[in-house]
Ligand SMILES: [Zn+2]
């Protein structure tokens, strides 16, 4: 099949694949959850093979305890998924969650987040990127951009090609974009959702303000790795403070009805 025949069906597929995020935002979605899970698991296994994970049973048990409490309040299918937590041997304050049920927390995060509420801020934010399908959205946006380039190339008649070329273009985009930074819109959405999940799980949502302030103050002129991959809008602390007040009744109700996690190092 010649690439020119791909133009219209691909465009149709892209248009047909809009979904709505948990905060009501429209998202382009052309990769499935199972494809994203495969990519997440592959990326995590690569890290394992490269020896990035360290034997830190106390930290791992602590992060697993906080993760479990958060996962319990996630919407399906995330709440019934098996989530594996590993500790990454890196002294910078960073963490990630991947589709497929994998979480990594850097050793350095435990120096910065010094209680379960603050660790829940970080893990709630990371899990929210997965629940809101931010990785799939980013892959889909890349694929749409590449499809547009491919279609333009064909129309211009400047290059011959076949379906394999298009497939290779799309594949390269998907692989590269699983570990790329998120957009500002996605970061704000992860903040909002993460704070909601932590309150529902019985973690104090006011810890979000403290944690992000500490993160911002760390490192002086050189921002910590977590902020370089998680760009923060200037009004982040203000928005989180306002949301924390709104979420206090949710948090208090959660504690009173048995969601009272007790995780510590
Ligand atoms: Zn983020």
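Tabulated results
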read-out: Selection from region 244-265 of residues that are within 20 Å of residue 113 (Cα to Cα) and either buried (at least 16 other Cβ atoms within 10 Å of the Cβ) or touching a helix residue (DSSP H, G or I) at 6+ places or on another chain (Cβ under 7 Å) (or both); value: 244, 251, 261, 263, 264, 265
read-out: Residue in region 123-134 that is surrounded by the fewest Cβ atoms within 10 Å (Cβ to Cβ), counting only those that are away from the ligand (no atom under 11 Å from the Cβ) and under 23 Å from residue 87 (Cα atoms); value: 131
read-out: Within region 186-200, tally of residues that are surrounded by fewer than 23 Cβ atoms within 10 Å (Cβ to Cβ) and more than 13 Å from the ligand (Cβ to nearest atom); value: 2
read-out: Count of residues meeting criterion [at pLDDT 95 or above and touching a helix residue (DSSP H, G or I) at 6+ places or on another chain (Cβ under 6 Å)] in region 80-96; value: 3
read-out: Checking residue 85 against (1) touching a residue at least 60 places away in the same chain (Cβ under 8 Å); (2) buried (at least 20 other Cβ atoms within 10 Å of the Cβ), the condition it does not meet; value: (1)
read-out: Conditions (1) more than 17 Å from residue 200 (Cβ to Cβ); (2) assigned to a helix (DSSP H, G or I); (3) assigned by TED's automatic domain parsing to the domain that holds residue 186: number failed by residue 39; value: (3)
read-out: Options 120, 69, 144, 93; residue that is crowded, with 23+ Cβ neighbours inside 10 Å, more than 16 Å from residue 43 (Cα to Cα) and over 17 Å from the mean Cα position of the chain (by Cα); value: 69
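Per-residue answers, yes or no, for (1) at pLDDT 95 or above; (2) surrounded by fewer than 13 Cβ atoms within 10 Å (Cβ to Cβ); (3) part of a loop (DSSP other than H, G, I, E, B); (4) in contact with a strand residue (DSSP E or B) (Cβ under 7 Å, 6 or more places away or on another chain):
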site	(1), (2), (3), (4)
23	no, no, yes, no
30	no, no, yes, no
34	no, yes, no, no
60	yes, no, no, yes
75	yes, yes, yes, no
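The values are calculated or read from the model by the stated rules, or taken from the named source; none is laboratory data. Here the structure is a predicted model, which is why all the values come from computation and not from measurement. Here the Cβ is made from the backbone with ideal geometry for all residues, glycine too, and neighbour counts use every protein chain on show.
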